[in-house]
1. Each residue of the range 424-434 in turn: what ³J(HN,Hα) in whole Hz from Karplus with 6.51, -1.76, 1.60 and θ = phi - 60°, glycine and Pro shown as x?
2. Under a point spin-label approximation (7 Å from Cα along Cα-to-Cβ), what is the R596-E551 distance to one decimal in nm?
3. Taking only C-alpha pairs under 8 Å that are 6+ residues apart, what is the relative contact order of the range 655-773 in percent?
4. Sort L416, L139 by Cβ crowding within 10 Å, fewest neighbours at the top.
5. Can you flag which of K298/K571; K187/K567; K187/K580; K158/K187 are past 27 Å Cα-Cα?
6. For a footprinting-style exposure proxy, rank F687, F394, F452 by other Cβ within 10 Å, fewest first.
7. Would you mind checking which residues have amide H under 5 Å from E448's amide H? H placed 1.01 Å from N; only 5 or more apart, or other chain.
8. Give me the extension gain from T51 to H22: residue separation times 0.36 nm, minus the current Cα-Cα distance, reported in nm with one decimal.
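Since every read-out is calculated from the coordinates, none of them should be taken as a lab result. Computed from a predicted structure; not experimentally measured. In this analysis, Cβ positions are derived from the backbone assuming ideal geometry, glycine residues included, and neighbour counts consider all displayed protein chains.
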Amino acid sequence: MKEELRDFDGKPIFPRRYTHTHSFNLSDAEMELYNEISRYITEQYNRAIATDRRAHAFAMMLLQRRMASSIYAVMRSLMRKRDRCIQLMENIESLSMREVSGDYSDLPSVDYSDLEERRIWEIESSLEGSTLADSIPELKAEVSTLEGLIEDAERLLKSGSETKLMELQKILEEIGHEKILIFSESKDTVDYLLEKIESWGYSVCTIHGGMSMDERIAAEDDFRRNKQVMVATEAAGEGINLQFCHIMVNYDIPWNPNRLEQRMGRIHRYKQRRDVHIYNLVAGNTREGLVMRRLLEKLDSIRQDIGSDKVYDVIGEIYTERDISRIIEMTLRGEIRDEEIEELLKPQEDILKRIMDEQLAVEVDYTRMKDIQRIIKERKLAPEYVEEFFRAVFKKMGWKYTERNGMYTLRTPRQLLRLWDDELRRRYGALRKEYRNLTFNPGVDEGEFISFGHPLLEATIRYTGKRFGDSLLRGSTFRDPSGRYRGTVWFYRGRVTDGRNESAGERVFALYDNGEEVVEVSPMILWDLVPDRHPVVDEINEEGVTAAATESVMRYMDKLKDERKRKTGIKRKYGLRSIKYLIDTSQEKLLEYYDRLDQGEDMGIAIRNEEERLEEYKERMRELEREMEMEETLTASPPELLGVIHVEAPEIPGREDIEMIGMKITMEHERRHGRIPEDVSGENLGFDVRSISDSEIRYIEVKARRGRDNVELTQNEWLKARRFRENYWLYVVYNAGTDPELTVIQDPYSNLEPLRREEVRYIVPAEQIRRMEE
């Protein structure tokens with residue numbers, strides 16, 4: 001739940017969100033048009049149901065949604081329907097009856113909301129042309145009806161007094177100069193609003209499903225930098241980050257409650273600095289408006305009862321699009337009265353309250369979250385390594401850039417532009433032909449930060465993999481100045497998939513063969529090794545290593561499986577329980593309905609609707625159980641060899657004994673001072689000991705010397721010292737073999753001035769350490 005999340009200092013990660021329902025009544029003229037169109041929709045819908053023309057029935061519900069969106073949207077839909085009927089009249093003699101009525105057998109089911117918006121438009125455009133007429137006289141009659149409705153809509157639009165539009169204008173005036181995001185389901189409504197809002201003097205832009213990902217990203221940037229208002233369809237509810245805006249208007253309310261949360265998620269997200277305000281526009285004197293208003297009122301009532309707006313995070317799990325659509329259909333057919341809407345929404349309201357009460361009692365495991373955050377911080381790849389990789393590739397390929405004060409300017413190499421296909425563009429955005437003021441430093445506000453996920457870096461990584469991937473398999477030689485490693489290191493990629501054949505996890509494994517045994521080591525071992533200028537690789541033999549790699553991948557899969565089981569356990573506790581409650585409630589209602597039927601009441605429609613609802617709940621139960629089973633069913637692929645290196649090292653007599661003395665003295669020192677030390681020297685994290693107390697974490701690098709020699713820090717150690725600053729400690733043990741002396745230095749990055757030597761070593765003179773003792 002977003003509202004319950006805290007950072008690791010206990011502060012809320014997400015700001016509050018406030019919802020405001022602006023319920024208004026249509027004017028007399030608007031209500032007259034609404035009733036005329038509703039009569040047409042109801043008559044067509046009932047005929048379609050009676051003749052089992054489900055596609056046409058759904059087309060009528062689609063028209064009802066257009067009417068709920070805007071007068072302009074329903075007018076445009078009526079126009080397209082009229083034009084289709086005219087086209088059929090002109091060609092009826094050459095068409096089959098199936099072509100006249102419309103063949104919708106190849107269309108997906110009614111639940112197509114997960115498709116791309118462009119595809120949804122194609123489906124809805126096809127459905128808009130459906131008709132029950134199958135002769136010229138019937139087509140003429142329908143065209144005449146449609147013409148009358150279109151004329152009434154046009155006359156109302158020309159009057160310039162659309163109530164809903166005036167409500168929006170009031171909100172804009174109240175907001176002042178703040179940025180505002182406006183959502184609508186209908187592209188026609190979006191086009192209409194763009195024209196109107198611009199005529200009011202506001203700067204405005206748009207995002208919709210007809211735009212490419214590049215165009216959407218450009219529109220997002222335009223909204224951030226230049227425009228005050230963005231009008232968008234659901235396409236802006238996916239993959240677009242608009243947290244620089246904190247005010248949103250739902251010009252129409254989606255019948256799929258999940259869409260509400262998706263829309264809110266564009267601005268109510270991580271790094272949103274201000275409280276979020278959501279305005280919902282609802283015509284309370286319309287049938288669908290009454291249903292949506294009652295739903296929003298219930299959500300607001302629960303929000304007030306529990307004192308939290310996280311009710312919106314689970315609304316889509318309780319109220320489905322099918323639930324809302326069925327209630328609206330029943331109101332249109334006259335099967336239920338307005339006051340009965342409350343009763344139809346009540347079962348879901350009860351389960352929603354129960355879930356909220358249970359979840360409010362759940363304690364968030366902040367200790368576990370802190371451990372996860374600590375691990376991420378310790379293992380996160382330093383920006384300097386990303387920058388070094390970037391520079392090395394450009395140097396190797398002869399590509400040009402200019403760099404000044406850490407800012408890079410360049411033209412994107414044509415090789416990178418050629419590999420940037422549609423899939424990468426959808427995933428990462430546009431790869432521009434030119435970049436200015438790129439920076440690898442996340443703390444620089446004026447530059448464009450480049451890291452993983454940035455199109456230029458992702459293109460560079462992919463090109464490097466294709467260009468030099470074979471070289472990794474041929475092997476190369478590195479040197480370990482510390483003398484710790486001497487042998488062969490194999491790098492494998494391990495992949496784990498679930499029952500849906502989706503990725504459950506992927507990571508790199510390193511296996512070190514010293515000639516006597518094969519052990520798993522951290523892939524970060526590379527950070528502390530020096531590439532040999534004259535690489536020589538002996539003949540490599542993978543025999544015996546593959547089995548060790550497979551064992552590593554299997555251990556990794558077991559960890560993933562434990563985490564998956566923990567998550568599905570939560571789903572079982574809340575998801576299955578909530579659906580079971582809905583099933584029990586539905587079965588109780590059916591028993592009541594059958595009792596009333598036995599007593600002579602006409603309960604046929606109520607029983608049919610409740611039986612359909614019960615079967616949907618049961619299918620949701622089965623689907624959730626299948627989903628959890630597939631999530632827990634994990635399969636590991638055979639480890640894939642990525643590369644191999646040979647490591648050479650100088651002979652340093654007594655090195656291991658001296659290091660052990662240094663570690664022993666460090667661990668004893670930490671325990672004496674009430675801290676709990678952990679030896680992590682084998683993980684190549686850039687420090688040897690993690691020492692924890694109630695008030696601090698110390699990241700300790702241990703250096704032991706026989707005498708009082710200079711101390712060497714690897715590049716990885718130096719960069720970690722820079723990252724952790726006052727939490728990073730250098731423990732130097734002099735005279736380790738005779739009379740050990742411990743010198744403790746906090747924040748060596750700030751307090752020492754080492755001499756850099758070679759590629760991965762920083763030399764700290766003994767004299768500097770002596771001064772720190774003083």
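1. 5, 5, 5, 7, 10, x, 6, 9, 6, 7, 8
2. 6.8
3. 22
4. Details: L416 18, L139 21.
In order of increasing Cβ crowding within 10 Å: L416, L139.
5. Numbers: K298/K571 24 Å; K187/K567 38 Å; K187/K580 38 Å; K158/K187 20 Å.
As for pairs spanning more than 27 Å Cα to Cα, those are K187/K567; K187/K580.
6. Numbers: F687 25, F394 16, F452 10.
Neighbour counts put them in this order, fewest first: F452, F394, F687.
7. L438, T439
8. On the way: separation 29, 0.36 × 29 = 10.44 nm, distance 3.95 nm.
Computed gain between T51 and H22 is 6.5 nm.
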